[in-house]
Amino acid sequence: CLLRWYQQAARVRPSSFFGILTHLIKATMSDTIEGGTSRSPRFTHWCALFVFSTIVLGAAVEAANNNGESGDPKTESNEKWSIVCASCTFAFCAIVILMHFNAVTSLFIVGTKIEGLLCLVLAAFWSGLVAVVADSRHGLAVNEKGAVSNGNLYYFSWAGLICAVTLLTSYLRSAFQIDIQSELKTRSARLSVWTAHMAAAIVVMGSSTNIFKNDCVNAFVGDEFCRRTKLGIGLGAVGAFFALVIVFMKIYTSKAPFLLEAVLGAILVGSFAFGTAYITSEQGPGSPLGNLYYFTWGCFLSSFLLCSSLYDDYNAAKSMGGGDNNDLAMEEGNKTNGAAEDDQI
């Protein structure tokens, strides 16, 4: 870049320092900005995150005002934390968006390490924000029963987290050629579905644990309700453990035994078929619309998709050959159907 700057300045020979600076900026822009534009390919993501942070900030302030002086220092600190996170995200996004509209300032943000650092910080902020507002113990976005009490704060917090993670993955793909989605597709069949199931099962386990502490330890609601809550804790723990085993094997060996996947998938789809009906029914802890309701259904759907993909691989293996070639055919079926299944999820 320095050599190019010197060549540009020597060729044009401007009569003032401002002229030299102008030509240096033009040379830098031609090297760093693709397609002759100062807009980042993530500009729409920044705009969406700005909108989400604006809504979450207003909802967090309103929730804090409605709660007033709760007398619980932890609840008040969580309210302040949610407001600080939303405020920082709002300020960062506003500054980044304004910098995109100027060719000079965009040089410092589009595709630079500063943008990558901001993406990482925002993803951490939104993760902490969701953990606070979606916790039934604090009463910000959900009540003590786990039901959504502040729709704007709850749904747009999750939307902001998804947008922040998407923003970070987009930066990694453009800056370091790290395509996480493609890596999951090419690494092994169903890896992304197992990962999604593990994340959903962890949320089910955590939400059920919070409800059990609130309604079965601190205040006893009833035997039936507590039994179903314990079922949610157990299903979440088992689902997360099974998924962790498969994900670990797929990451480090690029594949997992088909029979093991089939057995664990069948156990999960049967368990969550029963558990979803038992937990989200009227007398269950997941009946109110909240984390436990949504992620219990998410676990059932992901386990169903796993079994569907495994069945397709089995049929593909049967059609490709039999006898001693079953293992080879099964492996080829995994590779063939992996991308299509991941596109579906």
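The values are calculated or read from the model by the stated rules, or taken from the named source; none is laboratory data. Everything numeric here is computed off the predicted structure, so don't read it as measured data. A quick note on method: Cβ atoms are made from the backbone with ideal geometry, for glycine too, and the neighbour counts reach across all protein chains shown. In case anyone asks, the SASA skips ligands and DNA or RNA and just uses the protein heavy atoms, side chains included. Shrake-Rupley method; radii C 1.70, N 1.55, O 1.52, S 1.80 Å.
Residues checked against (1) assigned to a loop (DSSP other than H, G, I, E, B); (2) surrounded by fewer than 18 Cβ atoms within 10 Å (Cβ to Cβ); (3) at pLDDT 90 or above:
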{"residue": "Val193", "(1), (2), (3)": "no, no, no"}
{"residue": "Met198", "(1), (2), (3)": "no, no, yes"}
{"residue": "Val203", "(1), (2), (3)": "no, no, yes"}
{"residue": "Asn210", "(1), (2), (3)": "no, no, no"}
{"residue": "Cys216", "(1), (2), (3)": "no, no, no"}
{"residue": "Phe220", "(1), (2), (3)": "yes, yes, no"}
{"residue": "Lys230", "(1), (2), (3)": "no, yes, yes"}
- Query: Does the range 236-295 hold any residues that are farther than 29 Å from Glu144 by Cβ and of a type in the set (Val, Ile, Thr), and which are they?
  - Reply: Val245, Ile246, Val247, Ile251, Thr253, Val263, Ile267, Val269
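Would a scan of the range 277-285 turn up a residue that is within 30 Å of Gly222 (Cα to Cα), assigned to a loop (DSSP other than H, G, I, E, B) and touching a strand residue (DSSP E or B) at 6+ places or on another chain (Cβ under 7 Å)?
no
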- Task: Tell me, yes or no, whether the range 281-300 has at least one residue that is open to solvent by less than 20 Å² (accessible area, probe 1.4 Å), of a type in the set (Phe, Trp, Tyr) and at pLDDT 90 or above.
- Result: no
- Task: Give the residue that is farthest from Ala134 (Cα to Cα), with candidates limited to residues of the range 301-314 that are open to solvent by 50 Å² or more (accessible area, probe 1.4 Å) and more than 20 Å from the chain's Cα centre (by Cα).
- Result: Tyr314
- Any hit, the range 240-247, residues being open to solvent by less than 50 Å² (accessible area, probe 1.4 Å), hydrophobic (A, V, I, L, M, F, W, C), under 13 Å from Gly286 (Cβ atoms) and at pLDDT 90 or above: no
- Restricted to the range 124-145, and to residues that are crowded, with 19+ Cβ neighbours inside 10 Å and farther than 30 Å from Glu282 by Cα, which residue is farthest from the chain's Cα centre (by Cα)? Phe125
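Every residue, every condition in (1) of a type outside the set (A, V, I, L, M, F, W, C); (2) out of contact with any Ser or Thr (no Cβ under 9 Å at 6 or more places or on another chain); (3) assigned to a loop (DSSP other than H, G, I, E, B); (4) surrounded by fewer than 17 Cβ atoms within 10 Å (Cβ to Cβ), yes or no:
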position	(1), (2), (3), (4)
Lys80	yes, yes, no, yes
Ile83	no, yes, no, no
Thr89	yes, no, no, no
Ser106	yes, no, no, no
Val110	no, no, yes, no
Leu118	no, yes, no, no
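Would you say Cys93 is closer than 25 Å to Tyr154 by Cα, crowded, with 18+ Cβ neighbours inside 10 Å, touching a Cys at 6+ places or on another chain (Cβ under 9 Å) and hydrophobic (A, V, I, L, M, F, W, C)?
Criteria met by Cys93.
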- Note on the structure: Those residues of the range 120-136 that are part of a loop (DSSP other than H, G, I, E, B) and out of contact with any helix residue (DSSP H, G or I) (no Cβ under 6 Å at 6 or more places or on another chain) come to a total of 1
- Task: Give the residue, chosen from Ala262, Ala273, that is in a helix (DSSP H, G or I), open to solvent by 10 Å² or more (accessible area, probe 1.4 Å) and farther than 27 Å from Asn210 by Cα.
- Result: Ala262
- Just a yes or no: is a residue in the range 64-77 in a helix (DSSP H, G or I) and either modelled with pLDDT of 90 or more or open to solvent by less than 40 Å² (accessible area, probe 1.4 Å) (or both)? yes
